[in-house]
Amino acid sequence: MENLRVLILAAGKSTRMKSKYAKVLHRAGGAALIEHVVRTARSISMDISIVVGHSAEKVRALVPEAKFVDQREQLGTGHAVLSARQTFSDYLGHVLVLPGDVPLIGAETLEAFLKFHRDGGFPASVLTADAPNPSGYGRIVRRNNNEVDSIVEHRDASPEVRKIPEINSGIYVFNAPVLFESLTRIRNNNAQGEYYLTDVIGILVSQQQKVGAFKVSNVEEILGINTRQELAHVDRVMRRRKCDSLMTDGVTIMDPDSTFIDVDVQIGPDTIIYPSVQIQGQSVIGEEVTIHSNNRITNSRIGSYTVMLEGCVIVDSSLGEHVYIGPYAHLRPGSQLGDRVKVGNFVEIKKSTLGDGSKAPHLSYLGDATIGKNVNVGAGVITCNYDGVSKHPTIIEDGAFIGTDSQLIAPVRIGKDAYVGAGSSITEDVPDESLAIARGRQVVKEGWVRQRKKK
Ligand code: UD1
Ligand code: CA
């Protein structure tokens, strides 16, 4: 619709959530509620204003490209819209009002709603649905001729009105001048002592104006979040949607109920995901990757054909193709594994690079290390990168072999194709193609036990 602006209401506290943060900051499907709503709104119009109040700074920080309106005291949804009056003073077009706590609404539904509003030539339209459990929502009261009469909040409703299954989604389109004119007439003489946006509908009807009501069949889309239980429910719906779309695109997800994949994650076809996996943030997973149970991948890239055994935590890192990792490996931020790298049981890697074909199969800590190609890091090798004051780098050149249970005391460099004997404490650089052994020589005292027993 040409000439359409969006106004999102996000100033409310989260009284029923019992949280110190604004409700719209709570997360579902891997993003804050307000992020979901803004994302959908952007597909409709780039002109978005957001009414903020509680946790205003945090909301602003989450949504950088929007206009903000302050509602210092939260006196109700009508008062929230009224706070934006100045921003809309010269605007004669239509405004789509979205609550910040209804995150499942789809862009296609909004498009259809806007078309309905435009085709009907209404001054105001409301999006509704029949709900199996309408409790808590405002009800759409209709006249004998089926036209909208008013919206009555659950708390203000008579037992008769509470039987009405048709609920108000809190989503409307208004002719802006009409909206702001009507808002000056609303009062707060209701159960909550608030200025209700919903009262505008009754006011318009009382002025013989016809209000449009666009009823959607899928009530799920307009579920509002007022409690932690509702948050968990919407989170589940979003995650299921994400799993469904990935499965449609060729990803095998063995148990969608226990698989938590954030909205922005991308996964290539023929990847197989075992139960109880979390893939978060902006992670990108290639094709034919196998991810076994209890892996968490956050903001990381996993190359194609990689196998992740159980229990790995991968954060802000990247894995090449044909990598073999786990079980129980921990990649902390800034770790990069090349192609065909093997990282095995109980290996922790921090801010380090392992080149193509390198291996650290057992029980290692590698921190601030730059490790070349085809390096073998033996079981139990530790980079001693911290002297209690600062961190120091370790460099291991291509083809080096680090014997089991060695400590590399940084800063230190192990040359190309060099060997470090098992059990060494390496404090000095090892030149290319050399062998370094740094451990106490073995002493054998034959018959020592027998002699001791005699004493
Ligand atoms: C509102 C509707 C109800 C509808 C329901 C749909 C009113 C009076 N009621 O009720 O008919 O069925 O949504 O989910 O509008 N907000 C502000 N400032 C305020 C108050 C609220 O910005 O002063 C924001 C909130 O942050 C929230 C949205 O407006 O994002 C809705 O407010 P909420 O208190 O959740 O309204 P409901 O009681 O759910
Ligand atoms: Ca609500």
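Among the GluC sites (Glu not before Pro) in region 66-115, which ones are in a DSSP loop with at most 15 other Cβ atoms within 10 Å of the Cβ? Mind listing them? Working shown, then result.
Working: sites: E73, E108, E111; in loops: E73.
Loop-located and lightly packed - E73.
With only alpha-carbon atoms in the gyration tensor, what are the semi-axes of the equivalent ellipsoid for region 248-327, in Å, largest first?
15, 13, 13
So if the hydrodynamic radius of the chain is defined as the Kirkwood radius over C-alpha pairs, what does Stokes-Einstein give as its diffusion coefficient at 25 °C and 0.890 mPa s, in µm² per second?
Using the Kirkwood radius from Cα pairs, D works out to 94 µm²/s.
Roughly how big is the chain's charge dipole about its Cα centre, with Cβ charges of +1 (Lys, Arg) and -1 (Asp, Glu), in debye to the nearest 20?
Dipole of the chain, to the nearest 20 debye: 1920 debye.
Of all chymotrypsin sites (Phe, Trp or Tyr not before Pro) in region 4-100, which ones are in loop regions per DSSP and have a Cβ with at most 16 other Cβ atoms within 10 Å?
In loop regions of region 4-100 (DSSP not H, G, I, E or B), the sparsely surrounded chymotrypsin sites (Phe, Trp or Tyr not before Pro) are Y21, Y91.
Over region 4-222, calculate the relative contact order: mean separation of alpha carbon pairs under 8 Å at least 6 apart, over the residue count, as a percent.
Relative contact order comes out at 24 percent.
Remind me, relative contact order of region 241-436 in percent, using alpha carbon pairs under 8 angstrom and six or more residues apart?
Worked out over region 241-436, it gives 9 percent.
In what order, largest first, do T259, T15 sit by accessible area if the probe radius is 1.4 Å?
On the way: T259 0, T15 105 Å².
Correct descending sequence by accessible area is T15, T259.
Expected output is a single nm value to one decimal: the length gained when fully extending between K115 and D257, i.e. 0.36 nm times separation in residues minus the C-alpha distance. What is it?
This chain segment gains 47.5 nm when fully extended.
How long are the semi-axes of the equivalent ellipsoid of region 241-436, defined as square roots of 5 times the Cα gyration tensor eigenvalues? Whole Å, largest first.
Taking √(5λ) for each eigenvalue gives 34, 15, 13 Å, largest first.
Rounded, prolate or oblate: which one fits region 73-114, using the alpha carbon gyration tensor with axes a ≥ b ≥ c (rounded when a/c is under 1.5, else prolate when a/b beats b/c, else oblate)?
On the way: a/c = 3.69, a/b = 1.34, b/c = 2.77.
It is oblate, given that a/c is not under 1.5 and a/b is not larger than b/c.
How many angstrom lie between the C-alpha centres of region 314-347 and region 157-186?
Centre-to-centre (Cα) distance: 54 Å.
If I model a spin label at I437 and Y21 as a point 7 Å from the Cα along the Cα→Cβ vector, what separation in nanometres do I get?
Inter-label distance under the simple model: 5.7 nm.
Note the full-extension length gain between M46 and N218 as 0.36 nm times their separation in residues minus their Cα-Cα distance, in nm to one decimal. Intermediate results must be reported in sequence, preceding the final value.
Numbers: separation 172, 0.36 × 172 = 61.92 nm, distance 2.63 nm.
Contour length minus Cα-Cα distance gives 59.3 nm.
Can you work out the FRET efficiency for the pair T370 and V307, with r the C-beta to C-beta distance and R0 = 30 Å, to the nearest 0.05?
The formula returns an efficiency of 0.75 here.
Set Lys and Arg Cβ to +1 and Asp and Glu Cβ to -1, take the dipole of the chain about its Cα centre, and tell me which of V211, V37, A22 lies farthest positive.
Going by the charge dipole, the pick is A22.
Cross-link partners among lysines for K210, C-alpha distance below 21 Å, same-chain residues fewer than 8 apart left out?
Output for K210: K115.
Let a ≥ b ≥ c be the square roots of the eigenvalues of the Cα gyration tensor of region 4-222; is it rounded (a/c under 1.5), or, if not, prolate (a/b larger than b/c) or oblate? List each step's numbers first, then the result.
Details: a/c = 1.36, a/b = 1.25, b/c = 1.08.
Rounded.
If you keep only loop residues by DSSP, which trypsin sites (Lys or Arg not before Pro) in region 173-272 have at most 16 other Cβ atoms within 10 Å of their Cβ?
R185, R187, K210
What FRET efficiency, computed as 1/(1 + (r/R0)^6) with R0 = 30 Å and r the Cβ-Cβ distance, is obtained for N188 and R240, rounded to the nearest 0.05?
Calculated transfer efficiency: 0.15.
When the Cα centres of region 30-48 and region 191-234 are compared, how far apart do they sit, in Å?
19 Å
How many angstrom separate the Cα center of region 429-455 from the Cα center of region 117-135?
Centre-to-centre distance over Cα atoms comes out at 85 Å.
Report, to one decimal in Å, the Kirkwood hydrodynamic radius for region 146-299 based on all distinct Cα pairs.
19.2 Å
Please work out the average accessible area per residue across the chain, using the 1.4 Å probe convention, and give it in Å².
For the chain, the solvent-accessible area averages 48 Å² per residue.
Apply the a/c threshold of 1.5 to the C-alpha gyration tensor of region 325-412 and tell me whether it is rounded, prolate or oblate.
rounded
The values are calculated or read from the model by the stated rules, or taken from the named source; none is laboratory data. This one's a predicted model, so the numbers in the text were calculated from it and none came from an experiment. When we count neighbours, we look across all protein chains shown, and the Cβ atoms used for this are built from the backbone with ideal geometry, even at glycine. In case anyone asks, the SASA skips ligands and DNA or RNA and just uses the protein heavy atoms, side chains included. Shrake-Rupley method; radii C 1.70, N 1.55, O 1.52, S 1.80 Å.
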